[in-house]
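Scroll down for the structure; my scribbles are underneath it.
The values are calculated or read from the model by the stated rules, or taken from the named source; none is laboratory data. The structure displayed is predicted, hence computed values, not measured ones. Neighbour counts are summed over all protein chains in view; Cβ atoms, including those assigned to glycine, are modelled from backbone coordinates with ideal geometry. The protein model used for the area step is the full one, side chains on, heavy atoms only, and it has no ligands, DNA or RNA in it. Shrake-Rupley method; radii C 1.70, N 1.55, O 1.52, S 1.80 Å.
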Amino acid sequence: MDFSKLRTTSKVTTEWSYPQGAPLRTGWLRVDTAPDHELYWEEYGRADGEPVMFLHGGPGGACAPVMSRFFDPDRYRVILFDQRGCGKSRPTVAADGPDKALANNTTDHLVSDINALREALGISGKMHVFGGSWGSTLALVYAIRHPDKVASLILRGIFLGRKEDLLYMYQGNAETYQTQPYALSAPGAYITYPDEWKAFVEVIAPEQRGDMMAAYKAIFDMVPTTDAERAAQLRAALAWSVWEGTISNMIPAAEDAGKFGEAEFALSFAQIEAHFFAHDLFLKEGEITDGVAALKGVPVHIVHGRFDQVCPLTQGSRLVQALEAAGTPPATYVITDAGHSAMEAQTVLALTAIMDGLPRL
């Protein structure tokens, strides 16, 4: 694996190794009834290539064609799919409401969906599982439960989803913000992004800022009956979404929040995240770090941005510590001079180098 370019690459934009190809095929797969959850999927690369299951972030994000560009199209068969409730999968929170889209929408369901998609697409042997942020969480849970189906794990921006990880991103100094907006009273991403934090905090009334995630979820759980209530709910969803989208990049875009600032995306993204976070990601405490012994024989490759403010580097370090303690140290651990986004130049180079260097199945 050639990582020699990393320290000399400081570009914000990325020069990809592989061109953007067209999907080989696309489709929907029904994975549940009442509600009828259908997953939208796309397949890239070569039809007889080594299978790669790509798990997007969030929870509540979505896939995009550019995500296929980490992989050599002459070697890999890449499956992108939108998880329940988001993207092009059906129903979505934005189009169909949380009652439908959040029903039967848990980590257990998503793990089951991966196996259903494997079966539907005729993947009978081992596959590479590639995931970033929440996708790394889901990839780890899947591999711990089904190590016999995983050839390798390729993980970016490790997210373990503990309470302290969420407080770092969503709580910070919010409780005292009204009187001391710039006080460094608690750890948090707000320290690096004070202006963006102001926009996120001020959606919530001062007396409700002691638990920002609960305050936001109360807005999302409201069933709006007036235009004013619908506007308030959308404002909260956009603030939640734009906060994460902005701090995902070490150098945020000056004005354009991209998909994070689009109403349809934000409504699904924010409400699914709040749903999963309110239930501790539907995982037992320590389920991942206590379970990594099951990964013996599964090569684990990790890429993490040093300046990641969505999933701070300590989460990558904690996972490495757990793997080493279990006698299964990572095959690769690369720390890039980047933030959280998978699309920052050094992270793209590192992930592509790992995929290019994997032993062939």
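Answer yes or no: is there a residue in segment 206-213 that is surrounded by 15 or more Cβ atoms within 10 Å (Cβ to Cβ), touching a Ser or Thr at 6+ places or on another chain (Cβ under 7 Å), part of a loop (DSSP other than H, G, I, E, B) and outside the structural domain of Tyr333 (by the TED database).
For segment 206-213, residues surrounded by 15 or more Cβ atoms within 10 Å (Cβ to Cβ), touching a Ser or Thr at 6+ places or on another chain (Cβ under 7 Å), part of a loop (DSSP other than H, G, I, E, B) and outside the structural domain of Tyr333 (by the TED database): absent.
Across segment 238-255, which residue is farthest from Pro98 (Cα to Cα) among those that are of a type in the set (S, T, N, Q) and either open to solvent by 30 Å² or more (accessible area, probe 1.4 Å) or outside any helix (DSSP H, G or I) (or both)?
It comes out as Asn249.
Filter the helices (runs of 4 or more DSSP H) completely within segment 75-175 down to those with at least 3 residues that are under 16 Å from Pro59 (Cβ atoms) and modelled with pLDDT of 95 or more.
Passing ranges, in order: 107-120, 134-145, 163-170.
What are the pairs, 6+ residues apart or on separate chains, where a residue within segment 36-54 that is free of Cβ contacts under 8 Å to residues at least 60 places away in the same chain has its Cβ under 6 Å from a residue that is of a type in the set (Val, Ile, Thr)?
Glu42/Thr26; Tyr44/Val78; Gly45/Val78
Looking at (1) among the β-branched types (Val, Ile, Thr); (2) in contact with a strand residue (DSSP E or B) (Cβ under 8 Å, 6 or more places away or on another chain); (3) closer than 24 Å to Ala263 by Cβ, can you tell me which one Val150 breaks?
(3)
Which of (1) in the same structural domain as Leu351 (by the TED database); (2) in contact (Cβ under 8 Å) with a residue 40 or more places away in the chain; (3) open to solvent by 50 Å² or more (accessible area, probe 1.4 Å) does Asp148 not meet, given it meets every other one?
Going through the list (1) in the same structural domain as Leu351 (by the TED database); (2) in contact (Cβ under 8 Å) with a residue 40 or more places away in the chain; (3) open to solvent by 50 Å² or more (accessible area, probe 1.4 Å), Asp148 breaks only (2).
Filter the helices (runs of 4 or more DSSP H) completely within segment 256-361 down to those with at least 2 residues that are without any contact (Cβ under 8 Å) to a residue 24 or more places away in the chain and surrounded by fewer than 17 Cβ atoms within 10 Å (Cβ to Cβ).
313-325
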